[in-house]
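Asks: Sharing a structure with you now.
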Amino acid sequence: MAEQKYKIGPVWVIAEQTDCRLLSVSTQLIGQARKLADELNTSVETVLLGDAIERQTQALIAAGADRVYLGDAPGLAFYHPETYTEIIVNLALEHRPEIVLIGSTAMGRELAPLVAARLKTGLTAHCIDLVLDQDRNLEQRIPAYGGLLSIICPERRPQMATVAGGVFPTPEPDENRSGKIVELRVPEIVSDRIKTLEIVRQDPEGVSLEVADIVVAGGAGAGDLEGWNKIADLAGTLNAALGSTRPAVDEGWTELATMIGQSGKMISPQLYIGVGLSGEQQHLVGVVDAKVMVAINNDEKSPVFEQVDYGIVDDCREFVPVLIQKIEAYLEKKVAC
Ligand SMILES: Cc1cc2nc3c(=O)[nH]c(=O)nc-3n(C[C@H](O)[C@H](O)[C@H](O)COP(=O)(O)OP(=O)(O)OC[C@H]3O[C@@H](n4cnc5c(N)ncnc54)[C@H](O)[C@@H]3O)c2cc1C
């Protein structure tokens, strides 16, 4: 083991809330931070910013945090990249965390690189595992080159990583845990270059991917928007959530919110049906513990068939409409009985 060059700082989690409710990725990250901190013999600390959020601190402590830095002020009600960065960077310079973990949410994807750049350290996005190596560096694991790539940041601190919700389990809350709450003196908005005028919430369409029992995911093999719409119809017929691979998003057939995988959503359905996709690791890493997996692909040698329980070799543009008809006929018969 390499000689310890410095005193080990705390493991930090930048927690996130919306409408005064903690996001589950925050408690999941605290659960993992707890494991890392125990191995490093250090503490878990979280930063929580918002307005009227004091009640959320207990949930952070129950999940495993020893200390919560709480910035609770009307000016922090909405995420403001420059103000949030300023607060976190100043705190980090004062308390020198060893590791900083942030959820790969819309906020985290922006905030993490802003903070890392100001702290002149590295950042690994969309990690799917975090462990310590023999020198107690954080191995930040991402899928790459058909395997897992471990990235370390041995020369700079903190070691920073973003992780999507669902990668780590939600820890069982321990309501008997106690921790320290440190109230921050928060600055006014540090810059008025960005202003949140209004938040307009978009109602999610159809079944939510993260909780769906059935997921139909489409890929580049859809060919065009018409082919894609057939895959979306299949999802509708099965009352399933519609998922996608990156090419389907890049083609503009579907929203980024449907993307499954390393840089998208993590899903755990009972049934996963992959249509016109090759089963690349960056996609399938997002399919965690699916009970049954099916693939429809016109290339019998497609690697996706090695990853699934059932494979159908056919042109999805022809097969999917027939499948929909069969399912509809079956459902009608069931209702009639
Ligand atoms: C850092 C990084 C992060 C990434 N993150 C993600 C992520 O989160 N999610 C993600 O999905 N991707 C991600 N990717 C991209 C990923 O590596 C793959 O490129 C992508 O998943 C491939 O999508 P695909 O299977 O739809 O396309 P392709 O690999 O092109 O496969 C298309 C498949 O469709 C089949 N096909 C073609 N025509 C038909 C037809 N008519 N009927 C039936 N089958 C047909 C082909 O045989 C082929 O197998 C990431 C990449 C990188 C580098």
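Computed from the coordinates by the stated procedures, all read-outs in this text should not be read as laboratory data. None of these values were measured; they are calculated from a predicted model. Note that each Cβ is placed from the backbone with ideal geometry, even for glycine, and that neighbours are counted across all protein chains shown.
Asks: Cut-off is 10 Å between beta-carbons; in what order do C153, C316 appear when sorted fewest neighbours first? List each step's numbers first, then the result.
Replies: On the way: C153 19, C316 26.
By the 10 Å Cβ count, ascending: C153, C316.
Asks: Lysines near K301 by alpha-carbon distance under 25 Å, same-chain residues fewer than 8 away left out - which ones?
Replies: By straight Cα distance, K301 reaches K230, K291.
Asks: Can you put E16, E183, E306, E280 in order, fewest other beta carbons within 10 Å first? Mind showing how you got there, number by number?
Replies: Numbers: E16 24, E183 13, E306 10, E280 19.
Ascending Cβ contact count within 10 Å gives the list E306, E183, E280, E16.
Asks: So which aspartates and glutamates can K195 reach, going by Cα to Cα under 20 Å and dropping same-chain residues fewer than 8 places off?
Replies: K195 reaches E16, D19, D51, D72, E82, E86, E110.
Asks: Quickly work out the R109-to-E198 label distance, labels modelled 7 Å from Cα along the C-beta direction, and quote it in nm with one decimal.
Replies: If labels sit at E198 and R109, their model points lie 2.5 nm apart.
Asks: A further question on this structure: Enumerate by residue number the trypsin sites (Lys or Arg not before Pro) in the range 107-136 meeting two conditions: DSSP loop (anything except H, G, I, E, B), and at most 11 other Cβ atoms within 10 Å of the site's Cβ. Don't skip to the answer; put the middle values down first.
Replies: Numbers: sites: R109, R118, K120, R136; in loops: K120, R136.
Passing sites in the range 107-136 are K120.
Asks: Calculate the length of the line joining the C-alpha centroid of the range 56-85 to that of the range 192-244, in whole Å.
Replies: Taking the Cα centre of the range 192-244 as reference, the centre of the range 56-85 is 31 Å away.
Asks: Can I ask one more? How would you rank 62-72, 167-177, highest first, on the average number of other Cβ atoms within 10 Å across their residues?
Replies: Ranked from most to least packed, the peptides come out as 62-72, 167-177.
Asks: Same structure, new question: Considering Cα pairs under 8 angstrom that are at least six residues apart, work out the relative contact order of the range 115-203 and quote it in whole percent.
Replies: Working: 83 pairs, mean separation 21.8, N = 89.
Across the range 115-203, relative contact order equals 24 percent.
Asks: In addition: Can you give me the long-range amide H partners of G286? Hydrogens built in the peptide plane at 1.01 Å from N, cutoff under 5 Å, separation of 5 or more residues or another chain.
Replies: Result for G286 returns G261, Q262.
Asks: Can you work out ³J(HN,Hα) from phi for every residue in the range 20-29, in order, using Karplus 6.51 cos²θ - 1.76 cosθ + 1.60 and θ = phi - 60°, giving whole Hz and x for Gly and Pro?
Replies: 6, 10, 5, 7, 5, 4, 5, 5, 4, 5
Asks: Simple spin-label model, 7 Å along Cα-to-Cβ: R96 to E255 in nm?
Replies: 4.5 nm
Asks: Hey, rough spin-label estimate for D224 and R177, points 7 angstrom out along Cα→Cβ, what's it come to in nanometres?
Replies: Result: 5.5 nm between the two label points.
Asks: When only alpha-carbon atoms are used, what values of Rg and Dmax, in angstrom, describe the range 235-292?
Replies: In Å, with Rg to one decimal and Dmax whole: 10.7, 30.
Asks: Take the Cβ-Cβ distance between E39 and V292 as r, set R0 to 30 Å, and report the resulting FRET efficiency rounded to the nearest 0.05.
Replies: 0.25
Asks: Can you list the HN-Hα couplings for the range 265-281, worked out from phi with the Karplus curve (6.51, -1.76, 1.60; θ = phi - 60°), rounded to whole Hz and with x for Gly and Pro?
Replies: 8, 9, 10, 9, x, 6, 10, 10, 10, x, 10, x, 9, 9, x, 4, 4
Asks: Restricting the count to DSSP beta bridges whose residues both fall in the chain, what percent are antiparallel, rounded to a multiple of 5? Please list the in-between numbers first.
Replies: Working: 11 of 58 bridges.
Roughly 20 percent of the beta bridges in the chain run antiparallel, per DSSP.
Asks: Right, next: For the range 201-309, report the translational diffusion coefficient in µm²/s to the nearest whole number, using Stokes-Einstein at 25 °C, 0.890 mPa s, and a Kirkwood Rh over Cα pairs.
Replies: 183 µm²/s
Asks: Next up: Pick out, in residue order, every one of the trypsin sites (Lys or Arg not before Pro) in the range 184-247 that is DSSP loop and has at most 14 other C-beta atoms within 10 Å; say none if there are none. Walk me through the intermediate numbers first.
Replies: Numbers: sites: R185, R193, K195, R201, K230; in loops: R185, R193, K195, R201.
Passing both the DSSP loop test and the Cβ count: R185, R193, K195, R201.
Asks: Using only alpha carbon pairs under 8 Å that are at least six residues apart, calculate the relative contact order of the chain and give it in whole percent. Write down the numbers at each step before the final one.
Replies: Numbers: 693 pairs, mean separation 47.8, N = 337.
Computed value for the chain: 14 percent relative contact order.
Asks: Same structure again: In terms of modelled amide H atoms, which long-range or inter-chain residues lie less than 5 Å from the amide H of C153?
Replies: L138
Asks: Counting only residues 5 or more places away or on other chains, whose amide H sits under 5 Å from the amide H of G274 once H atoms are built in the peptide plane?
Replies: Residues meeting the amide H criterion: A217, V294, A295, I296.
Asks: Can you list the aspartates and glutamates whose alpha carbon sits under 18 Å from that of K326, skipping same-chain ones fewer than 8 residues off?
Replies: Leaving aside aspartates and glutamates fewer than 8 places away in the same chain, those within reach of K326 are D233, D314, D315, E318.
Asks: Over the Cα atoms of the chain, what is the Rg over Rh ratio if Rh follows Kirkwood?
Replies: Numbers: Rg = 22.3 Å, Rh = 21.7 Å.
Using Cα coordinates only, the ratio equals 1.03.
Asks: At a 10 Å Cβ-Cβ cut-off, how would you order V215, V200, fewest neighbours first?
Replies: Values: V215 29, V200 5.
Placing the least packed residue first, the sequence is V200, V215.
Asks: Also: Over the alpha carbons of the range 136-245, what is the largest minus smallest coordinate on each principal axis, giving the biggest first in Å?
Replies: Projected onto its principal axes, the Cα set of the range 136-245 covers 53, 43, 40 Å.
Asks: On a full-extension model of 0.36 nm per residue, what is the gain between S208 and L331, subtracting their alpha-carbon distance, rounded to one decimal in nm?
Replies: Value of the extension gain: 42.1 nm.
Asks: Right, next: Could you give the length gained by full extension between D233 and R185, i.e. 0.36 nm per residue of separation minus their alpha carbon distance, to one decimal place? Let's see the in-between values first.
Replies: On the way: separation 48, 0.36 × 48 = 17.28 nm, distance 5.24 nm.
Separation in residues times 0.36 nm, less the Cα-Cα distance, equals 12.0 nm.
Asks: For the range 30-104, just say rounded, prolate or oblate: build the C-alpha gyration tensor, square-root its eigenvalues into a ≥ b ≥ c, call rounded for a/c under 1.5, and beyond that prolate if a/b exceeds b/c, oblate if not.
Replies: Because a/c hits 1.5 or more and a/b fails to exceed b/c, the range 30-104 counts as oblate.
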